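**Q** Please read through the structure below; I'll follow up with questions.
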Amino acid sequence: MIGAADPVRRNNYGLGMDNATSRDTPGIGHRQMFIGGSWVDALDGGRFVTVNPATGAEIGSVPRGRAADVDRAVAAARNAFDSGRWGQSVAERDRARVLFRMADLVRERRDDLARLEVLDCGKPIGDAEADIDEVAFMFEYYAGWATKIMGDIPPVGPDAMSLVVKEPVGVCGLIVPWNYPMLMAAQKVAPALAAGCTVVLKPAEQTPLSALVMAEIAAEAGVPDAVFNVVTGVGVEAGEPMLTDPRVDKISFTGSLAVGRHIQRTCADDLKRVTLELGGKSPNIVFADAPMPEAVSGSCLGVFGNQGEVCSAGSRVLVQRSIHDEFVAAMVAETEAIRLGSGLDRSVTMGPLVSAAQMERVNGFIDSAPADGARLVHAGRRPDDPVLAGGFFVPPMIFAVDDQRPRIAREEIFGPVMTVIPFDDEAEAIRLAHDTEYGLAAAIWTTDISRAMRTARALRAGVVWVNDSQPAPSEAMWGGYKQSGVGRELGPYALDAYLESKQIYINLGG
Ligand code: NAD
C-alpha cells in the first residue's frame, strides 16, 4: 500500500554521527545498497571504501556494484514501472503524500545527514546543513507538483477532440557527482518520482553514503518496493551498463563534460532521453561601478565556496581595468580570512577537496600556472593541525593573467583557484565571457541597471546573476548553454525531463 512505513527496511540505524567531531572519524561499517526493496551486497561480493577527506581515514565500505547488479536494479525498476504501482495506477495525491513524508523524514534526520555529508565529501557543516534543508524543500516542492501535471486540449475543429496528456517517461537512470551528493541526487529523484517514474540512482563513488540514507527514507515514507533503487559503484562499472540497457528510458546525468559527451553518444544508439548538467568556467564580471564591498565578498564566495568544487563557480573574475589593482587587493584581504580545516569544526569556512585524486589534479593546475604566464597574487596555507596531515587540502589561490591564454583561465579546475583577468569596456567583457566552450552561469556586478540588463541579455549562459553569485533556488531553473549541458533542471522545468506527451485524438463522428 502506498504510504505504508516499514521501519524494518532501515539499513543505516546508528550512524553514530551524533558524536562526530573534527578530531575523529566515526566508522559507519559495511553498508549495503538498495535494490528491489531489499538491502543487498554486490552479487560478486565486491566492496570499496569511502574515506573522510579531512583526514584520509576510512569511514566504511559499500558494495561495488557492476553490470550484474545494475541488471538486477533495472529489472526491478522496469517491473515496478510496468506494473503501474507508482505511476499510472496511483492517484497523484498519494504520490504527493509520500513525497511530503520524504521531506519530513529528511528534516527529522537533518543533523545526522549533514554530518554524514561532511564526512563523505568534506564541506563545512553549515554548508552541509543548507544542502540538507534544500533537499527537504526539494521533496516538498515536487510533492506539490505531483498533483499539478496537466495536459492540453488543442482545438482541432468541430468533429474531433484532441487531448494532449502527460505521462511518466519510464525507468530513469540517475547518475550524480560528489560535490553536493544528496542535493544533486534529490534534484533528479524528486521530480522523477513526482512524475511517476521509477529510478535507479548511482551516486558518485567518492560520496555514496547519503544516497543510501535517501533509499532508507524513501522506503520509510512509503515509496513502493523497486520504485527507488540505489546501486553504488564506480562510473564505468555501475553507470555505463545503464547507458546501454534498452529497459532504461531516460538517463539524467550531472558530471564532467567528458563523461557527458560519452553518455550523449552512447544513448544515441537507442535514442534514450538524456539530460546533461555539465561543467563550466563561468565569468564573474566586475564593472568599475560595482557595489562594494558586496562585489568583493560575492566574487570570493563564487570561487571559494564549497572549496571551489562547484559547476557554476565564477572562477574567471573579469575586472574593469580602472579598479583592477584595488579590487584584487580587497579580494586578497577577504581570502586571508578563510579558515581551512575539518568541515565538522564550525569555525572552519573551507574544507578539504573530496579525494586525493582531486587534490592532485588541482595542484597540477597550480604548479603549471606560472610557466603558463599566470602571476601568483595570493596563496593560502594548508591547516597545520597534525590530525589533518593526511587530509586533501588545497588552500585558496589567486592568479592574475593578462589574457585568457593560460590553462587556468580556460579549463574547469573544480578547486579553490581564482583567475583574475582585466577588461576595458562592456564589449570586451562580453567578448572575454564568451570565449569558452562552456555556458553554465555568469555573474555581473554593477549599479547601472541598464548595463546589468544589457549584459545579462547578451551573455550566452543558462543562469545569470546580477549583484550576486551562486544562488540556485529549487523553484527557479538550472542548466547550461553550449557545452555545459542539455535540458534544464529545477522548478517546473525539471518535470519536462521525466514526462512524455501523448496526443489522444477522438473522432466525434463528423
Ligand atoms: P564525473 O563525470 O567524473 O562523474 C560523475 C558521475 O558519473 C559519477 O557518479 C561517476 O561515477 C559517473 N560516471 C563516470 N564515468 C561514467 C560512465 N562511463 N558511464 C556512466 N557514468 C559514469 O564528474 P565528477 O568528477 O564526479 O563531478 C565533477 C563534474 O561535475 C564537474 O565537471 C562539474 O562541473 C560537474 N557538475 C555539474 C553540475 C551542473 O549542475 N551543471 C553540478 C555539479 C557538478
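**Q** Quick test of your reading of the structure: residue 447 fulfils all but one of (1) exposed (fewer than 15 other Cβ atoms within 10 Å of the Cβ); (2) in contact with a Ser or Thr (Cβ under 7 Å, 6 or more places away or on another chain). Name the failing condition by number.
**A** Condition (2) is where residue 447 drops out.
**Q** For residue 228, all conditions in the list (1) within 12 Å of the ligand (Cβ to nearest atom); (2) of a type outside the set (S, T, N, Q); (3) closer than 25 Å to residue 92 by Cβ; (4) touching a Ser or Thr at 6+ places or on another chain (Cβ under 8 Å) hold save one; what is the number of the exception?
**A** With respect to (1) within 12 Å of the ligand (Cβ to nearest atom); (2) of a type outside the set (S, T, N, Q); (3) closer than 25 Å to residue 92 by Cβ; (4) touching a Ser or Thr at 6+ places or on another chain (Cβ under 8 Å), residue 228 is out only on (1).
**Q** Right, here's the next one. Among the residues of segment 238-261, what is the count of those that are farther than 20 Å from residue 71 by Cα, of a type outside the set (Ser, Thr, Tyr) and buried (at least 16 other Cβ atoms within 10 Å of the Cβ)? Break it down into steps so the answer makes sense when it comes.
**A** At the first step, the residues of segment 238-261 found to be farther than 20 Å from residue 71 by Cα are 254-261.
Still in the running and of a type outside the set (Ser, Thr, Tyr): 255, 257-261.
Still in the list and also buried (at least 16 other Cβ atoms within 10 Å of the Cβ): 255, 257, 259-260.
Residues that pass the stated criteria total 4.
**Q** Something else now. Are any of the residues in segment 71-88 within 30 Å of residue 122 (Cα to Cα) and aliphatic (A, V, I, L, M)?
**A** The initial filter retains those residues of segment 71-88 that are within 30 Å of residue 122 (Cα to Cα), namely 73.
Of the ones still in play, those that are also aliphatic (A, V, I, L, M) are 73.
Yes, some residue in segment 71-88 is within 30 Å of residue 122 (Cα to Cα) and aliphatic (A, V, I, L, M).
Conditions (1) under 23 Å from the mean Cα position of the chain (by Cα); (2) surrounded by fewer than 18 Cβ atoms within 10 Å (Cβ to Cβ); (3) within 30 Å of residue 340 (Cα to Cα); (4) touching a residue at least 24 places away in the same chain (Cβ under 8 Å), marked per residue:
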site: 52; (1), (2), (3), (4): yes, no, yes, yes
site: 59; (1), (2), (3), (4): yes, no, yes, yes
site: 64; (1), (2), (3), (4): yes, no, no, yes
site: 68; (1), (2), (3), (4): no, yes, no, yes
site: 74; (1), (2), (3), (4): yes, no, no, yes
site: 78; (1), (2), (3), (4): no, no, no, yes
site: 82; (1), (2), (3), (4): no, yes, no, no
site: 86; (1), (2), (3), (4): no, no, no, yes
site: 89; (1), (2), (3), (4): no, yes, no, no
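**Q** Looking at the structure I just gave you, is residue 123 within 16 Å of the ligand (Cβ to nearest atom), among the basic types (Lys, Arg), within 19 Å of residue 28 (Cβ to Cβ) and within 17 Å of the chain's Cα centre (by Cα)? So that I can check it myself, show each step before the final result.
**A** Numbers: within 16 Å of the ligand (Cβ to nearest atom): yes; among the basic types (Lys, Arg): yes; within 19 Å of residue 28 (Cβ to Cβ): yes; within 17 Å of the chain's Cα centre (by Cα): yes.
Taking the combined requirement at face value, the residue satisfies it.
**Q** Are any residues in segment 438-466 within 18 Å of residue 298 (Cα to Cα), of a type in the set (Gly, Ala, Ser) and part of a strand (DSSP E or B), and if so, which ones?
**A** Hits for segment 438-466 are 441, 442, 443.
**Q** Name the pairs: first residue in segment 351-370 and part of a loop (DSSP other than H, G, I, E, B), second residue among the charged types (D, E, K, R), Cβ to Cβ under 6 Å, at least 6 apart or on different chains?
**A** Partner pairs satisfying both residue conditions: 351/123.
**Q** Among 391, 380, which is in contact with a helix residue (DSSP H, G or I) (Cβ under 8 Å, 6 or more places away or on another chain) and of a type in the set (Gly, Ala, Ser)? Steps first, answer last, please.
**A** Details: 391 fails: in contact with a helix residue (DSSP H, G or I) (Cβ under 8 Å, 6 or more places away or on another chain).
Answer to the selection: 380.
**Q** Okay, moving on. Quick check: is even one residue across segment 215-224 closer than 25 Å to residue 355 by Cα, of a type in the set (A, V, I, L, M) and surrounded by fewer than 24 Cβ atoms within 10 Å (Cβ to Cβ)?
**A** Pass one, segment 215-224, residues closer than 25 Å to residue 355 by Cα: 215.
Subset that is of a type in the set (A, V, I, L, M): 215.
Checking which are surrounded by fewer than 24 Cβ atoms within 10 Å (Cβ to Cβ) leaves us with none.
No, segment 215-224 contains no residue that is closer than 25 Å to residue 355 by Cα, of a type in the set (A, V, I, L, M) and surrounded by fewer than 24 Cβ atoms within 10 Å (Cβ to Cβ).
**Q** Given the options 235, 280, name the one that is buried (at least 23 other Cβ atoms within 10 Å of the Cβ), near the ligand (Cβ under 10 Å from one of its atoms) and not hydrophobic (A, V, I, L, M, F, W, C). Outline the logic, then answer.
**A** On the way: 235 fails: buried (at least 23 other Cβ atoms within 10 Å of the Cβ).
Sole residue among the options that is buried (at least 23 other Cβ atoms within 10 Å of the Cβ), near the ligand (Cβ under 10 Å from one of its atoms) and not hydrophobic (A, V, I, L, M, F, W, C): 280.
**Q** Looking only at residues that are more than 6 Å from the ligand (Cβ to nearest atom) and not hydrophobic (A, V, I, L, M, F, W, C) in segment 238-259, which one is nearest to residue 42 (Cα to Cα)?
**A** Per the stated criteria, the residue is 241.
**Q** Now for a separate question. If we scan segment 453-468, do we find a residue that is under 24 Å from residue 350 (Cα atoms), in contact with a helix residue (DSSP H, G or I) (Cβ under 7 Å, 6 or more places away or on another chain) and at pLDDT 95 or above? Working first, answer last.
**A** From segment 453-468, those under 24 Å from residue 350 (Cα atoms) are 465, 467-468; that's our starting set.
Applying the additional criterion that residues be in contact with a helix residue (DSSP H, G or I) (Cβ under 7 Å, 6 or more places away or on another chain) yields 467-468.
Then drop every residue that is not at pLDDT 95 or above, which leaves 467-468.
Yes, some residue in segment 453-468 is under 24 Å from residue 350 (Cα atoms), in contact with a helix residue (DSSP H, G or I) (Cβ under 7 Å, 6 or more places away or on another chain) and at pLDDT 95 or above.
**Q** Right, here's the next one. Restricting to segment 138-180, what's the tally of residues that are free of Cβ contacts under 8 Å to residues at least 12 places away in the same chain and under 30 Å from residue 473 (Cβ atoms)?
**A** Matching residues across segment 138-180 total 1.
**Q** Name the residue that is nearest to the ligand (Cβ to nearest atom), counting only residues in segment 262-277 that are surrounded by fewer than 21 Cβ atoms within 10 Å (Cβ to Cβ) and without any contact (Cβ under 8 Å) to a residue 60 or more places away in the chain.
**A** Of everything passing the filter in segment 262-277, 262 is nearest to the ligand (Cβ to nearest atom).
**Q** Another one. Name the residues in segment 259-273 that are out of contact with any strand residue (DSSP E or B) (no Cβ under 6 Å at 6 or more places or on another chain) and of a type in the set (Val, Ile, Thr), would you?
**A** 259, 266
**Q** For segment 185-198, which positions are within 16 Å of residue 231 (Cβ to Cβ) and either within 15 Å of the ligand (Cβ to nearest atom) or touching a His at 6+ places or on another chain (Cβ under 9 Å) (or both)? Steps first, please.
**A** We begin by selecting, within segment 185-198, every residue within 16 Å of residue 231 (Cβ to Cβ); these are 185, 188-189, 192, 198.
Matches in segment 185-198: 185, 188, 189.
**Q** Sort out which residues of segment 481-510 are more than 13 Å from the ligand (Cβ to nearest atom) and of a type in the set (Asp, Glu), and write them in order of number.
**A** 496, 500
**Q** Moving on. Which of the residues that make up segment 421-432 are buried (at least 20 other Cβ atoms within 10 Å of the Cβ) and in contact with a Leu (Cβ under 6 Å, 6 or more places away or on another chain)?
**A** Across segment 421-432, the qualifying residues are 421, 423, 429.
**Q** Looking only at residues that are among the β-branched types (Val, Ile, Thr) and in a strand (DSSP E or B) in segment 199-212, which one is farthest from the ligand (Cβ to nearest atom)? Let's see the steps before the verdict.
**A** Residues of segment 199-212 among the β-branched types (Val, Ile, Thr): 199-200, 207.
Filter once more, keeping what is in a strand (DSSP E or B): 199-200.
On the way: 199: 14, 200: 12 Å.
Among those that are among the β-branched types (Val, Ile, Thr) and in a strand (DSSP E or B), it is 199.
Let's see how each residue does on (1) free of Cβ contacts under 8 Å to residues at least 60 places away in the same chain; (2) in contact with a strand residue (DSSP E or B) (Cβ under 6 Å, 6 or more places away or on another chain); (3) buried (at least 21 other Cβ atoms within 10 Å of the Cβ):
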position: 392; (1), (2), (3): no, no, yes
position: 399; (1), (2), (3): yes, yes, yes
position: 436; (1), (2), (3): no, no, yes
position: 469; (1), (2), (3): no, yes, yes
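The values are calculated or read from the model by the stated rules, or taken from the named source; none is laboratory data. Since the structure is predicted, the reported quantities are computational estimates derived from the model, not experimental observations. Note: ideal-geometry Cβ built from the backbone for every residue, glycine included; neighbour counts use all protein chains shown.
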